[in-house]
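These notes concern the structure reproduced below.
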Amino acid sequence: MQIRYKIALQFTLIVLAILLVFSGIVYYRAESQRRTSFYDRLSRRAKTTARLLVDVKEFNTTLLKLIDKNSSSRLPEEEIFIYDYRNLLLYSNIEKVSPYVTQERINEVRLAQEIKFQYEGRAVIGLVFEGRYDRFVLIASAIDKNGKLQLKELIITLLFAFLGGILTTVGLALFFAHQSLRPISTINREIGEITAKNLRKRIHQGNEKDEIAQLAINFNLMLERLELAFTQQRQFVSHASHELRTPLSALKTEIQIGLSSLNSPEEHHQILQNLLKDTDRLIELSNGLLQLARINETPEELIFDKVRMEEVLLNAQREVVASHSDYQIQFDFDQIPEEDHLTLVMGNEALLKNVFVNLLENACKYTPNHQASLRLGFDAEWCLVRVIDQGIGISKQDLPNIFQPFYRAKNAIDYHGFGIGLSVVKRIVELHEGQLEVKSRPHLGTEFMVRLKHLKEESARDFIR
Ligand code: ADP
């Protein structure tokens with residue numbers, strides 16, 4: 001069922017329930033008022049008759065019957081019976097005693113002082129009347145024709161009001177549901193027109209205030225993120241294929257030279273050496289690409305644990321020096337931490353090591369004497385790691401771009417590299433909700449600073465090493 005019909009139906013059901021309750025209350029009140037006032041009139045009629053009969057000497061039953069018959073306050077089909085203290089009938093305005101008047105009933109009236117009941121459509125009241133010299137039992141009954149007629153009319157009025165109310169409600173509910181859901185239909189249609197090829201298209205944001213407009217705004221934001229992701233993906237693929245093409249062409253040339261039979265055994269050996277070097281570069285490049293692709297993919301699967309920064313940095317330093325025997329890294333503490341938690345961070349140890357291996361390798365690579373220094377410090381909130389070198393530096397124009405995948409500064413062209421490392425570093429720091437800064441001056445050197453939130457004292461307590 002369409003939402004608009006569902007809303008209209010629910011709304012109508014609610015109004016229907018309210019109208020039913022309302023009509024029920026009106027009917028119940030009218031009916032009980034009718035009964036009360038009719039019983040009052042009946043009781044007054046019976047008492048007046050009794051008073052005339054018992055207390056006024058001049059009245060006898062024949063006169064009373066005559067007056068009773070012609071009285072304007074006589075009720076429809078009125079019957080009045082008056083009994084004395086021995087339960088003997090003193091007076092009756094009709095010939096025969098009605099079947100609802102029995103000795104038991106009379107006794108019941110004496111006990112209860114007053115009883116009311118319905119008998120075959122008549123309202124019957126029985127009450128005790130205190131005369132001047134005696135106590136009498138009055139039993140009177142009549143049919144409330146007028147009251148019942150009025151009640152019937154009330155029911156008809158209520159029924160019409162009820163039907164009219166329901167019809168109006170259905171109409172209004174359909175109209176308003178249609179009106180309020182119209183923007184959704186528009187959004188729906190516009191979304192249907194968006195495909196992977198026209199991600200640039202945005203949907204109409206309406207008044208930019210209500211919930212539906214908020215939905216459109218959020219949807220547009222999502223489209224923006226998707227478009228960015230698609231563009232990055234496309235750029236990644238085109239950069240990656242471009243980067244792969246260069247070493248592959250070099251490999252092809254080497255193989256072609258190797259295939260010509262004119263080469264001496266020494267030259268063959270050299271060609272094989274070159275092939276090995278190019279293959280290593282290719283492996284390095286594909287590893288870098290894989291890393292970049294993975295780190296952008298599913299960060300939810302990453303396992304975070306308490307990590308001691310000194311250990312991460314020492315391991316990174318060892319790894320860099322082990323693979324480049326000419327690199328020298330000096331590791332210093334800016335301050336010696338007195339408390340353990342100041343250098344403990346929540347993170348993924350392997351990824352954090354990767355950050356510092358990348359930064360240290362760059363620092364040594366882009367410095368002619370391959371020396372760099374690594375510093376660890378902290379403040380109230382952050383654990384601060386600085387990787388400093390006095391190498392070729394980065395120009396002002398290049399600085400904002402070095403974290404883009406595949407970007408390499410002009411002065412780095414003569415150095416081996418693919419422009420992948422820093423974008424991986426940036427992403428890992430982001431995943432750790434840390435901060436990454438760089439300061440550099442061409443020919444003087446570069447400083448990368450990584451800030452990672454250290455643990456609070458309480459949360460570091462259960463860390464056992
Ligand atoms: P790669 O070093 O493989 O080129 P990176 O992503 O690690 O790729 O670095 C991107 C670019 O940033 C480098 O090409 C270089 O221009 C610049 N760069 C990074 N670190 C340094 C540094 N310590 N000194 C000078 N330039 C640097």
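Values quoted throughout were computed directly from the atomic coordinates according to the rules given, and no laboratory measurement underlies them. Since the structure is predicted, the reported quantities are computational estimates derived from the model, not experimental observations. All Cβ positions, glycine included, derive from the backbone under ideal geometry; neighbour counts span all protein chains shown.
Couple of notes before you dig in:
- Our estimate of slack between A293 and D334, defined as 0.36 nm per intervening residue step minus the Cα-Cα distance, is 11.2 nm.
- FRET efficiency estimate (nearest 0.05) - Cβ-Cβ, E433 to S459, R0 25 angstrom: 0.95
- The residues neighbouring Y28, those whose beta-carbon lies less than 13 Å from its own, together hold a net charge of +2 under the Lys/Arg +1, Asp/Glu -1 convention.
- Order of M1, M222, M346 under a 10 Å beta carbon neighbour criterion, fewest first: M1, M222, M346
- Bridging of K145 to aspartates and glutamates at a Cα separation below 14 Å is possible for E31, E77, E78, E120, E153, once same-chain residues fewer than 8 apart are set aside.
- For the range 63-155, the Cβ-based charge dipole about the Cα centre amounts to some 100 debye (Lys, Arg positive; Asp, Glu negative; other atoms uncharged).
- Cα centre as origin, Lys/Arg/Asp/Glu Cβ charges: the range 306-427 dipole, Debye: 620 debye
- Restricting the range 42-121 to trypsin sites (Lys or Arg not before Pro) that sit in a DSSP loop and have at most 12 other Cβ atoms within 10 Å of their own Cβ leaves K57, R86, K96.
- T168-Q10 pseudo-label distance in nm [points 7 Å out on the Cα-to-Cβ vector]: 2.4 nm
- Across the range 197-347, the mean sequence separation of Cα contacts (distance under 8 Å, 6 or more residues apart), normalised by length, yields a relative contact order of 16 percent.
- For the listed residue pairs K252/K365; K426/K453; K396/K453, the alpha carbons are over 26 angstrom apart in K252/K365; K396/K453.
- Positive dipole terminus of the chain, leading residue within I271, Q150, I82 (C-beta point charges): I82
- Extended-chain gain in nm, criterion 0.36 nm per residue less alpha-carbon gap, T157 and F304: 45.6 nm
- Mean separation of Cα contacts under 8 Å, 6 or more apart, over the residue count of the chain: relative contact order %: 10 percent
- 0 to 90° range, to nearest 10: angle between helix 421-431 axis and the chain longest Cα axis: 30 degrees
- Computed lengthening from T186 to S98, 0.36 nm per intervening residue step minus Cα-Cα distance: 24.0 nm
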